[in-house]
Amino acid sequence: MLTEKQIQDISAEISLVSDLSDDHLLEFCMIANQRYRSGSPIVSDENYDFIFIPELAKRMPNHPFLKDIEVEVEGFSEEKIKLPEKMLSTDKAYSWSEVEKWLERITKFADEISLNLDDILIKGTAKLDGFAGYDDGIKLYTRGDGNKGSDISRVFDRGLGLLNDSERGQGPGEIVVKRSYFESHLSNHFEYPRNFQASLIKEKELDHFAKDAIMAKAALFVPFKQLPFWQGGINEFKNQFAEIVLELEQGVDFDIDGVVFEAVNPDLKSHMGSNRKFHRWQIAYKENKEKAQVKVISITPQVGRTGKITPVAELEPTQLSGATIYRATGHHFGLVKEQGLGAGSVVELTRSGMVIPKINKVLKKAEVDIPSDCPSCGSHLIWDSDFLMCPNTNSCPDQVIGKMIYFFKILANNDGFGQATIQKLYDHEIRKVSDIYELSVDQLIDMGFGEKTSSNLIDQLNRSRQESIEDWRFLAAFGVQRLGMGNCENLLKNYSIEEIFELKAEDIANIDGFAELTAEQIFEGLASIEDQYKILINNGFELEKTILINDIELFDNPFQNKKIVFTGAMSHSRAQLEKEAKLHGISVAKSVSSKTDFLIVGENVGQSKMINAKKHNVEIMTESEYLKKLNP
């Protein structure tokens, strides 16, 4: 049996999962689950879901612990009573491919009862992380083992309210505390919201924390029927999955543990039924943020376009999010030095969705090797805060190549100029983007490119000159420090692109949003690209000019200087609508907040933005109403 010291060491990741025996891993998972269910979690949900359980499933895929309903460990003396209806666990999906398999099962069952694919409805709600219960209007039951639970109706006698001040008797739900209230009133006294939530249902008298939360209507029983929801067809669900998940996650002020999706059609639900643990018509999606504890083989320094040296950890091959991971970035060499990231160290690795894997922390230190010279050009490296830098800005091969690749990537109106093409051009003495635009088909052929490839590359260069492109995007493509696309757009709202090279640092600092240090860096950066800019402009680029703030006053519309949000499927291109709005002096945001003035809705609108709009008294209008007022 594990001692309390061993349990604490595993929880704190002092003892690594890979070092645990099968029996100790199983025992720890059972203890962690039991303590979570009793309101005293010893590890985060993330570590439990993405480190311990996957490791157990890999070692003991058929163990009953992974198959049984998760029993709420209540610690109540009351006799267990039968629930009005079963409260099963919810099957989980950690990737889109797993959700797709669930949809395939739904489609198969629908076909068996001759239900048309277009008639299938999917509903989604946030998966609350609280204490599950069932309210039949007379009693409130804990979920217990899914069949029998305890009567905790006393929580209503103590004043516990329901979400939206709704009526009793709405069936399944959860006892939770508002996230905002927990952070402002309780986080200094309770490690997790679940620790506090457990105190709401205990048999002895409530403490003042619980009484205050109930009085403030921050502690509630939330019937699932009262949750904001999304509902739509399968095709819409597939096409908007990421947006739907985001809206549902942001639509509640409670701790959540993913998003629950279910088939709505009664006949389909009845036909799909359930197994001993799950309803087949329901699934819980958790953000695919898998974790693993991985051994580092070596650290390779990598030079970026700005001269920053990034440590890349070469790893023992590890499966994460359906892919085999061999390497991960180590952020900067300051972290390498501080945390002991080197050959032989053990790191905690995460990969959220399909993005690049990230090193969260070093679990086991090793001797570090800090390079003194640039691996690309051999220049002596210098420290800039935590960052190791190559000062050879204009001649370091990796920096020169990186800048040219970045230009074409940000321009985003051409194909073919990726790593392999730019590397080959560099090998033939091409050092600047302007040099690339002066090439001919014959010159490319002489460099070793095929005749057809050469012709295609020149066509792409001509295309990128002839297709109109926003001036702020063109400026951002030069990769000036602190001049990303947002700052470029802000700069060009105040000065035309022809004027910016004449600005002084103080002129830039006087623009709202630019600090003095940022302004100095931008001033120096603009000076360094001025010659390249002029050569390229003389090559005939077609730029769409940003409307200057002073000129926006020419437009007279009810949305000027207001903040709007678009949501739902629009009859016009969303990008075009946003572009037109900005031309009219309108600020466009992605999410609804108290600062939003108008919510412009199309078809199949998600519930989250609508609820937030009503909450913040945001005016809601249709796309056609908006366009009529914008262009009367």
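What follows draws every value from the coordinates through simple rules; no lab data is involved. The model shown is predicted, which means the values in this text are computed figures rather than measured ones. All Cβ positions, glycine included, derive from the backbone under ideal geometry; neighbour counts span all protein chains shown.
Size of region 550-630: Rg and Dmax of its alpha carbons, in Å, are 12.1, 38. Using a/c under 1.5 as the rounded threshold, could you call region 518-589 rounded, prolate or oblate? The axes a ≥ b ≥ c are square roots of the C-alpha gyration tensor eigenvalues, and prolate needs a/b larger than b/c, oblate otherwise. Prolate is the answer for region 518-589, as a/c is 1.5 or above and a/b outweighs b/c.
Spread over its residues, the convex hull of the C-alpha atoms of region 196-235 is 103 Å³ per residue. For A412 and E367, the FRET efficiency from 1/(1 + (r/R0)^6), where r spans their Cβ atoms and R0 equals 41 Å, is about 0.40.
For region 1-40 versus region 192-207, the spacing of their alpha-carbon centroids is 24 Å. Legend: translational diffusion of region 493-554 by Stokes-Einstein, Rh = Kirkwood radius over C-alpha pairs, 37 °C, 0.692 mPa s; D = 254 µm²/s. Normalised by 2.2 N^0.38 Å, with N the number of residues, the alpha-carbon radius of gyration of region 53-187 equals 1.32.
Relative to the 2.2 N^0.38 Å rule of thumb, region 405-515 has a C-alpha radius of gyration ratio of 1.27. In square nanometres and to one decimal, what's the mean projected area of the convex hull around the Cα atoms of region 200-282? Averaging across all directions leaves 8.0 nm² for the Cα convex hull. For a straight C-alpha distance cut-off of 14 angstrom, the aspartates and glutamates reachable from K269 (same-chain residues fewer than eight places away being disregarded) are D111, E112, D119. Cβ distances below 4.7 Å define possible disulfide partners, and in the chain the cysteines left without one are C29, C488. Each listed q (0.11, 0.15, 0.16 Å⁻¹) maps to a log10 I(q)/I(0) for region 489-632 from the Debye sum over equal C-alpha point scatterers, namely -0.56, -0.87, -0.93. Between rounded, prolate and oblate, where does region 143-183 land on the alpha carbon gyration tensor, with a ≥ b ≥ c its root eigenvalues, rounded for a/c under 1.5, else prolate if a/b exceeds b/c? Since a/c reaches 1.5 and a/b is larger than b/c, the shape of region 143-183 is classed as prolate. Subtracting the Cα-Cα distance of N604 and D119 from 0.36 nm times their residue separation leaves 173.1 nm of extension gain. Strictly over 31 Å apart at the Cα level, which of K127/K204; K80/K178; K204/K609; K5/K178; K534/K562; K86/K123 would you flag in this model? Exceeds cut-off: K204/K609; K5/K178; K534/K562. Look at where the Cα atoms of region 127-191 and of region 562-579 average out, and the two centres are 39 Å apart.
Only helices reaching 20 angstrom along their own axis (Cα) with mean Kyte-Doolittle hydropathy no lower than -1.0 count here, and for the DSSP H runs of the chain these are 22-37, 96-112, 397-411, 516-538. Remark: region 152-159, residue by residue, has Karplus-estimated 3J(HN,Hα) of 10, 4, 4, 5, 6, 5, 7, x Hz, where x stands for each Gly or Pro and the curve is 6.51 cos²θ - 1.76 cosθ + 1.60 at θ = phi - 60°. A Cα-only calculation for region 337-482 places Rg and Dmax at 19.7, 56 Å.
Above 16 Å, the calculated P(r) of region 4-66 contains 37 percent of its Cα-Cα pairs. A compact globular protein would have a Cα radius of gyration near 2.2 N^0.38 Å; the ratio found for region 267-346 is 1.78. Between D442 and N539, the FRET efficiency from the beta-carbon distance, with R0 = 22 Å, is close to 0.75. A helix-only calculation puts the chain at -10000 deg cm²/dmol for mean residue ellipticity at 222 nm, using -39500 (n - 2.57) for each DSSP H run of at least four residues, averaged over all residues. For the chain, the Cβ-based charge dipole about the Cα centre amounts to some 1460 debye (Lys, Arg positive; Asp, Glu negative; other atoms uncharged). Extending 7 Å from the Cα toward the beta-carbon at both R276 and D111 defines two label points whose distance is 3.0 nm.
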